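Only one structure is covered here, and it is reproduced in the block below.
Any read-out appearing in this document is the output of simple, stated calculations on the displayed coordinates, not a laboratory observation. Please read these numbers as outputs of a predicted model, since none were measured by experiment.
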Ligand code: NDP
């Protein structure tokens, strides 16, 4: 485990959306058991009663707190922010990981306005609305960090991490580098998420809140499918090293799970 992930130990709280399966579940699992556990791991899911694997983990690790959140429902977002405020109290929220996402499959011939909007709502609009709702808690954590003498940006102060994809890269979808994945709703929703993240990075900077996007690699989850080269363990171990090591030089960046810059 590289040094970056060890910084989670200095982090009071981390919230992960879509934590009941796939990469979200792996993030929670690894944060809880990797030897660098943050104070509180807030694992959100839209149906807590059905999140059996998450419940099993929470039974083993008392710092996991399961909170209900449907990312496309504004009432649910506000209720979740209120529940989390109770949990973290005056310490605020240090790290928000907007991980929940969907892949609406549609090519040029089958795409419809409804399919585009459905994918946009979950992948691009929800991370913006969630970040807005959690802003007071993120600000609280950032200012406590500053008061304690931490001037550097990063997860030990406050950070918003958006799970994007290299399929959202406009530059990579051209010529020899373009691949056969021509699904309009997913690709464009991640491109929009990238721009949402850049805009938020500018707006959050005065409060000392870091914001960036990361590509987790192509991973064997329900979304990634069985052909993907990476296991969730391999992806998330690398992702946590990158997130844990972020500083102001990474603010507003689009990084691969290996830590390299990706072209927008
Ligand atoms: P999965 O399909 O395996 O899991 C998606 C997660 O998002 C589930 O927990 C799901 O919950 C949750 N989710 C979807 N919609 C909502 C909603 N409205 N409210 C709350 N939760 C919701 O995907 P992955 O784990 O593979 O992907 C995680 C993230 O990583 C996504 O943003 C994805 O785009 C990105 N990514 C994944 C890659 C891969 O190869 N796997 C590659 C590049 C990026 P539920 O069980 O309730 O549906």
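Observations on the model:
- Based on Cα contacts under 8 Å between residues 6+ apart, the chain shows a relative contact order of 22 percent.
- Kirkwood-based Rg to Rh ratio, the chain, C-alpha trace: 0.94
- Descending Cα extents along the principal axes, region 113-264, whole Å: 50, 34, 28
- Extent along principal axes [Cα atoms of region 172-224; Å; largest to smallest]: 41, 27, 19
- Gaussian network model of the chain, springs between alpha carbon atoms under 10 Å - residue of 218, 183, 174 with greatest fluctuation: 174
- Among 43, 58, 142: highest mean-square fluctuation, GNM of the chain, C-alpha pairs under 10 Å: 58
- Residue among 24, 149, 252 with the largest mean-square fluctuation in a Gaussian network model of the chain, springs linking Cα atoms under 10 Å: 149
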